[in-house]
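The values are calculated or read from the model by the stated rules, or taken from the named source; none is laboratory data. On a predicted model such as this, the values are computed, not experimentally measured, just so you know. Because the Cβ atoms are built from the backbone with ideal geometry, glycine has one as well, and the counts that use them run over all protein chains shown.
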Amino acid sequence: MNIVGTGKERQFLGRQGEEEATAYLVKQGYKIIQRNFRCPWGEIDIIAQKGPVLVFIEVRSYKTNNFGLPQESIKRAKQKKVRQVASFYLKKAGQLEMPVRLDVLALKFNQKNEVTQLTHLKNAF
């Protein structure tokens, strides 16, 4: 997650962003399969399922507009890593035939750590 601030502030905001994203997804009818899935190629923040589709979700949280929108921080290299991790997960889980989607949840927080904007980009890359 890319967040401006000290290491501890970034970690706190990152965890809070993932909590808010998870709550949002549950309200939208998603079943949370796993959070913070790690493998040799990297990490995926949230793996969820909605109907027959397995959704791999990258969460980005920002407090300022100084560096653009949170979703703009997901560059080509990160997209490639997310694809690799998703592929690894599908092989490991034996779910190669399952429909898959790669989403981004971008959250903006105010100085009181309250969500001011949540953007869900389906099929983001």
**Prompt:** Out of curiosity, is K63 surrounded by 12 or more Cβ atoms within 10 Å (Cβ to Cβ) and under 19 Å from E9 (Cβ atoms)?
**Reply:** yes
**Message:** It is to be established whether one or more residues within segment 80-103 are at pLDDT below 95, assigned to a strand (DSSP E or B) and surrounded by fewer than 16 Cβ atoms within 10 Å (Cβ to Cβ).
**Reply:** no
**Message:** Please count how many residues of segment 108-125 are in a strand (DSSP E or B) and within 28 Å of V53 (Cα to Cα).
**Reply:** 7
**Asked** If we scan segment 57-68, do we find a residue that is touching a residue at least 60 places away in the same chain (Cβ under 8 Å) and part of a helix (DSSP H, G or I)?
**Response** no
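Conditions tested, residue by residue: (1) touching a residue at least 24 places away in the same chain (Cβ under 8 Å); (2) out of contact with any helix residue (DSSP H, G or I) (no Cβ under 7 Å at 6 or more places or on another chain).
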| site | (1), (2) |
| --- | --- |
| D45 | yes, no |
| G51 | no, yes |
| L54 | yes, yes |
| Q84 | yes, yes |
**Request:** Output the residues belonging to segment 96-121 that are under 16 Å from I57 (Cβ atoms) and free of Cβ contacts under 8 Å to residues at least 60 places away in the same chain.
**Result:** M98, P99, V100, R101, L102, D103, V104, A106, T119, L121
